[in-house]
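Data first, discussion second: the structure below is written as structure tokens.
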Amino acid sequence: MTCTVRIASPLRSYTEGAATLSVSGRTLAQVLDSLEARCPGIRFRMIDEQDRIRPHMRLFVNSSEAQQLTAAVADGDTVHVICALSGG
């Protein structure tokens, strides 16, 4: 299963500036593992030590927000990685 991952701009230093990448996986966890294999260090920015999505991150499969890493990903889906911004 191949999907497209759209990377938020704050994380593009891990992707050599790429805004989208094609990776494989049947679940969000597998997609993030494939992404980590290509872009070492990126997964830790999204997922904590207990394998939970970090509070400042939002991960979507197509238009549905994923609450768990077990979320299904189908061939041709788009995973959106969105970072919350803060400051003033």
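Every number here is computed from the coordinates shown, using simple stated rules; none is lab data. Being a predicted model, the structure only gives us computed values, none of them experimental.
The table that follows gives values for the structure above.
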item: Length gained when the stretch Ala72-Thr2 is fully extended (0.36 nm per residue, less Cα-Cα span); result: 24.0 nm
item: Contour excess over end-to-end distance, with Cα ends at Ala19 and Ser64 and 0.36 nm allotted per residue; result: 14.2 nm
